[in-house]
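Visitor: The structure under discussion is supplied below as structure tokens; questions concerning it will follow.
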Amino acid sequence: LVAFVMFLFFLVLPLGQAVHAYTQLQTGLGALQRIEEILDVPVEGAADRIPPGPAARTRPDPPMIEFDRVGFGYPDGPPVLHEVSFAVPAGTRTALVGPSGAGKSTLLALVERFYEVTAGALRVDGVDVRDVPRDVLRARLGYVEQEAPVLAGTLRGNLLIGAPTATDAQLRAVLDEVNLGHLAERTADGLDVQVGEGGVLLSGGERQRLAIARALLAGPPVLLLDEPTSNLDARNEAALRRAIDAVAVRRTLLIVAHRLSTVVDADQIVVLDGGRVVATGTHDQLTTTSPLYRELATHQLLVT
Ligand code: ATP
């Protein structure tokens, strides 16, 4: 009998331990899942977070910029945006196209928080922009408007607006990035070369690239770019395109596009009409799915 009881004891004990261990394992797995969920929730101050490199990513980042049924009207004006929804994932390039007055530039102004959305939500890195102080938000965003101002004075003076403490080496590196290295080589003045009143000594394409260089010096992970509508000659067109390509590396781009070369290279194109998103897709997709896009691509986007 004793032998039988001992046998049962040794049989049951490991079973009991196994059940206990199994229960503990379940509890542990539940906790692990909760920790994962907590880590996945955007935390306060997430707008300051630099996105991890691709190798560090174990799951997709939240979209870097997300319009969620955004509505907007300028003060005392009619609504100009209606239920605009699309996301710009981190590290990708999105082009906005549409007829004049469709609301493209307004979308950039909302990301910069020049105005507040009047319906829906606009999030950067998963955080509603209304919850992020403007200076913190703008430190993450480089914004280049269509006719970006160039100040009378030197090349150096114009660049240092973006980063007052930048070294000459940094200034030259960013000039190379936007294909403007030649400006600092043009005369013996180097970086102190004069650009003229309003940048008149520069071409239109050079002025836009100087504005991009200025925005880049602040090192923003996101660039909002309102492409110039002005006709550029083939050389300036190619230089702008190369500058945008260089800028796109490791950055998120939202571009109001007026050039076919810009949309062809975009990961995503958002077609706006009358303040509404009427189609999204790549150039190849939209060419077959969106009559408006086809029309814009053939008639309105500047083809070189
Ligand atoms: P474009 O290609 O001509 O630059 P867009 O698609 O960028 O056009 P927006 O400039 O965003 O269009 O303009 C959208 C609408 O908002 C238009 O009806 C425009 O008249 C209006 N609008 C733009 N800026 C303002 C402003 N500061 N105050 C009032 N209304 C504005």
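Visitor: Please find, within the stretch 114-150, the residue that is modelled with the lowest pLDDT out of those that are surrounded by fewer than 19 Cβ atoms within 10 Å (Cβ to Cβ) and aliphatic (A, V, I, L, M).
Guide: Quick first cut of the stretch 114-150, residues surrounded by fewer than 19 Cβ atoms within 10 Å (Cβ to Cβ) only: 114-116, 118-121, 126, 128, 130-131, 133-136, 138-139, 145-147, 149.
Checking which are aliphatic (A, V, I, L, M) leaves us with 119, 121, 136, 139.
Details: Ala119: 97, Ala121: 97, Val136: 90, Ala139: 86.
The qualifying residue modelled with the lowest pLDDT is Ala139.
Visitor: Is there a residue being within 19 Å of Lys104 (Cβ to Cβ) and of a type in the set (D, E, K, R) anywhere in the stretch 278-293?
Guide: Looking for residues that are within 19 Å of Lys104 (Cβ to Cβ) and of a type in the set (D, E, K, R), one finds none in the stretch 278-293, hence no.
Visitor: Quick one: in the stretch 228-264, of everything that is within 27 Å of Val277 (Cα to Cα), assigned to a loop (DSSP other than H, G, I, E, B) and touching a helix residue (DSSP H, G or I) at 6+ places or on another chain (Cβ under 6 Å), which residue is farthest from the ligand (Cβ to nearest atom)?
Guide: Residue satisfying both the conditions and the ranking: Ser230.
Visitor: May I pose another question? If you check Val111 against the conditions, is it under 18 Å from the mean Cα position of the chain (by Cα), buried (at least 20 other Cβ atoms within 10 Å of the Cβ), hydrophobic (A, V, I, L, M, F, W, C) and at pLDDT 90 or above?
Guide: On the way: under 18 Å from the mean Cα position of the chain (by Cα): yes; buried (at least 20 other Cβ atoms within 10 Å of the Cβ): yes; hydrophobic (A, V, I, L, M, F, W, C): yes; at pLDDT 90 or above: yes.
Considered against the rule, which asks whether it is under 18 Å from the mean Cα position of the chain (by Cα), buried (at least 20 other Cβ atoms within 10 Å of the Cβ), hydrophobic (A, V, I, L, M, F, W, C) and at pLDDT 90 or above, Val111 comes out as yes.
Residue by residue, here is whether (1) basic (Lys, Arg); (2) within 16 Å of the ligand (Cβ to nearest atom); (3) in contact with a strand residue (DSSP E or B) (Cβ under 9 Å, 6 or more places away or on another chain) holds:
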position	(1), (2), (3)
Val127	no, no, no
Arg140	yes, no, yes
Leu159	no, no, no
Gly162	no, no, yes
Ala166	no, no, no
Gln170	no, no, no
Gly190	no, no, no
Val193	no, no, yes
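Visitor: Looking at Leu254, Leu240, can you tell me which residue is buried (at least 18 other Cβ atoms within 10 Å of the Cβ), closer than 20 Å to Thr94 by Cβ and modelled with pLDDT of 90 or more?
Guide: Working: Leu240 fails: modelled with pLDDT of 90 or more.
None of the other options fit; the residue is Leu254.
Visitor: Tally the residues that are touching a residue at least 60 places away in the same chain (Cβ under 8 Å), within 12 Å of the ligand (Cβ to nearest atom) and either aliphatic (A, V, I, L, M) or more than 19 Å from His258 (Cα to Cα) (or both), restricting the search to the stretch 91-116.
Guide: Total meeting the criteria: 5.
Visitor: A further question follows. Which condition does Val88 not pass, out of (1) crowded, with 22+ Cβ neighbours inside 10 Å; (2) within 9 Å of the ligand (Cβ to nearest atom), if it passes all the others?
Guide: Tallying (1) crowded, with 22+ Cβ neighbours inside 10 Å; (2) within 9 Å of the ligand (Cβ to nearest atom), Val88 fails exactly one: (2).
Visitor: I'd like to verify a number: residues in the stretch 71-85 that are over 13 Å from Tyr115 (Cβ atoms) and within 16 Å of the ligand (Cβ to nearest atom), how many? Steps first, answer last, please.
Guide: Step one: of the stretch 71-85, the residues over 13 Å from Tyr115 (Cβ atoms) are 78, 82-85.
Okay, now just the ones that are also within 16 Å of the ligand (Cβ to nearest atom), so 78, 82-84.
Residues meeting the conditions: 4.
Visitor: Here is a check on your reading of the model: is Arg214 in contact with a helix residue (DSSP H, G or I) (Cβ under 8 Å, 6 or more places away or on another chain) and crowded, with 19+ Cβ neighbours inside 10 Å? Show your work before the answer.
Guide: On the way: in contact with a helix residue (DSSP H, G or I) (Cβ under 8 Å, 6 or more places away or on another chain): yes; crowded, with 19+ Cβ neighbours inside 10 Å: yes.
So Arg214 fits the description; yes.
The values are calculated or read from the model by the stated rules, or taken from the named source; none is laboratory data. As the structure is a prediction and not an experimental result, all values here were calculated from the model. Neighbour counts run over all protein chains shown; Cβ positions are idealised from the backbone, glycine included.
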